[in-house]
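The values are calculated or read from the model by the stated rules, or taken from the named source; none is laboratory data. This is a predicted model, so every value here is computed, not measured. Quick reminder, even Gly has a Cβ in these numbers, built from the backbone with ideal geometry, and neighbours come from all protein chains shown. All accessible areas refer to the heavy atoms of the entire protein, side chains included, with ligands and DNA or RNA removed. Shrake-Rupley method; radii C 1.70, N 1.55, O 1.52, S 1.80 Å.
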Amino acid sequence: MAPARTPRSSIPWLTAAVIGLIAYGSLYPFNFKPDAQSDLLAALNQLSWARAGRGDRISNVLLYLPLGFCLYLWLNERLQRGLSVTLATLLGSLLSLGIEVAQVYVSSRVPSLTDLVLNAGGTLLGAVGGVAWTALSHLMHLPSRAEKQTRDPGAALLIGLWLAWRFAPFVPQFDLGKLKAALRPLFNPTFDFVSVLIFLTCWLVVNQAVAALVSRSRRLETLLLLMAAVLIGRLLVSSQTFVPAELLALLLLLPMVVLMHRMRPRPRRATLVLAVVALLIIEELAPFNFSHQVAQFDFWPFLALVESGWDLSAIDWVQLFGKLFLYGALLWVVREWGASADFAFGVMLTVATVVEVLQIWLPGEHASITDPLLALTVGLIFRSLYRHQRPRRLSGGAASDLSLR
C-alpha cells in the first residue's frame, strides 16, 4: 500500500513551527556570553553527561515528540516507512546537537549529551507515533482526489468557538517558565475516566465540524492542524497548561474516528447527539449531590460583571467560551442529525434551561438566568447562519466524525 500522502501545504509549515518552538524554549532568554569560545570543536568539548532533574528529562523527551511526528509525515510522502523513521530520528538528533552546542554560548543553560540522547529518543517516539497515525489513516480509505465541498457556516462558527475556548484568556506569555509550567502536569499525570470521555467527545464534535468544511481528502490534515494549534496554545497562552486527560483523549481520537467512520450515518450522528447531551449534563450537574433544600434562582444576568462595575477582568473567559461552545455543539449536532435549525435551537435551549434550573438543588452552585441567555444568544447566531439552508439529509455519504473539548 502506498504511503499516506499529506498535502504539502501544511506539514512543512507545522514542522517549521515546531522547530522554532524548540529553538525558542531551548535558548531563551538569549543572554549569550560575550566572552564565549568561537571555536566549534571547543564548544563540542564542553558537552558533558551532566544529569538534569526528572522534570527536565521528561521535558526533553516531550519537546521533541511533535518534531519526530511531523518529520515522519513529511518524509513519508516520498520515502518508505523504515527510512522515514530513521531519517526523522537522525534529523531530530542533529537539531538537538546544534541546540546543545548553541547552549554553550548561553550563560543560563547547561549543554548536555544526556539531553541529546533524550531528545533523540523523543524524536524516535514521535516518528513511531507518525507510523501509527498513518496506519490508522489508511483504514478510513479517504480519497486523494479533489471534490466539491458544501461549506457549513455553523461548523466554521463551532470551530471558532472551540479555539476561543482553548485559547482563553488570550494573554500570550513567551518565557521559559511558561513552557515548563505548561509541561509540569505531565511529570506526574493523573487520568480521570470521565474527563477523558469529555475531551474525547469534544474532539469528535470538532472532527465532525471539520468534515462539514473541508473535502474528504484534506479531513485528517485539517484535524491534525487544529490539534497542533490547540497544543501550541497550551504552551504559549498565560495560565494554560497541558491536561493529561486531553492528551490521552487525543491518542484515542483517531481510532474512534476510524470506528465512527465505519458506522452508518444515522446511528453515528445519533451517538454524537447523545454524547453531547450527556456531556452538558455532566458539566453542569456533576457530581449530582442533590439536596432537598432549594436555593434561589438569580434572574439578574451577568451579576458578577455588574457588581464589579463592568470590569471585563472579572469575566472567566475560559468558562464563558466553554459554555458557548457546548451550547453551539448541541445545536449543531442535532441539526447535523437531520433536524431543522429551529428544532435544534429548541432542543439546545430546553436542555440549557433545564440543567440550569436543576442547579437550585445543588449545594454550592449558583443557578442563574445567565446560562440560558448565553444559549439563546448562540442559538440566534446559528439560526441566522442557517436561515436559507435546509437541514442535512440522513441518507448515504460517509460523513466524518470527531468531538469536543
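Sorted largest first, the spans of the alpha carbon positions of the stretch 222-300 along the three principal axes are 47, 41, 24 Å. Taking the 1.4 Å solvent-accessible surface of the stretch 147-228 as the whole, the part contributed by carbon and sulfur is 65%.
Take residue 354 and residue 262, extend 7 Å from each Cα along the Cα→Cβ direction, and tell me the distance between the two endpoints in nm. Inter-label distance under the simple model: 3.4 nm. Computed over the stretch 295-354, the percent of Cα pairs more than 15 Å apart is 62. Here the accessible area of the stretch 296-377 is 69 percent carbon and sulfur, with a 1.4 angstrom probe and all protein chains present. Straightening the chain between residue 294 and residue 102 buys 62.7 nm, computed as 0.36 nm per residue apart minus the Cα-Cα spacing. Counted over the stretch 170-315 with a bin width of 5 Å, the fraction of Cα pairs per bin, in whole percents, is 2, 8, 12, 14, 15, 15, 14, 11, 6, 2, 0, 0. In loop segments of the stretch 185-274 as defined by DSSP, the trypsin sites (Lys or Arg not before Pro) with at most 16 further C-beta atoms inside 10 Å of their C-beta are 262. Taking a Cβ cut-off of under 13 Å around residue 232, the surrounding Lys, Arg, Asp and Glu residues balance to a net charge of +3, with basic ones at +1 and acidic ones at -1. Seen through its C-alpha gyration tensor, with square-root eigenvalues sorted a ≥ b ≥ c, the stretch 278-384 comes out oblate because a/c lies at 1.5 or above while a/b is not bigger than b/c. Of the peptides 285-295, 68-78, the ranking by mean beta-carbon count within 10 Å, highest at the top, reads 68-78, 285-295. The convex hull built on the alpha-carbon positions of the stretch 86-236 has an orientation-averaged projected area of 12.1 nm². You can think of it this way: the chain between residue 377 and residue 313 has 20.9 nm of extra reach, that is 0.36 nm per residue less the Cα-Cα gap.
For the stretch 291-350, chymotrypsin sites (Phe, Trp or Tyr not before Pro) are listed when DSSP marks them as loop and at most 11 other Cβ atoms sit within 10 Å of their Cβ; the list is 299, 310.
Each of the peptides 192-198, 371-377, 203-209, 91-97 was scored by the mean count of other Cβ atoms within 10 Å over its residues; in descending order, highest first, they stand as 203-209, 91-97, 371-377, 192-198. Computed over protein heavy atoms with a 1.4 Å probe, the accessible surface of the stretch 242-318 works out to 60 Å² per residue.
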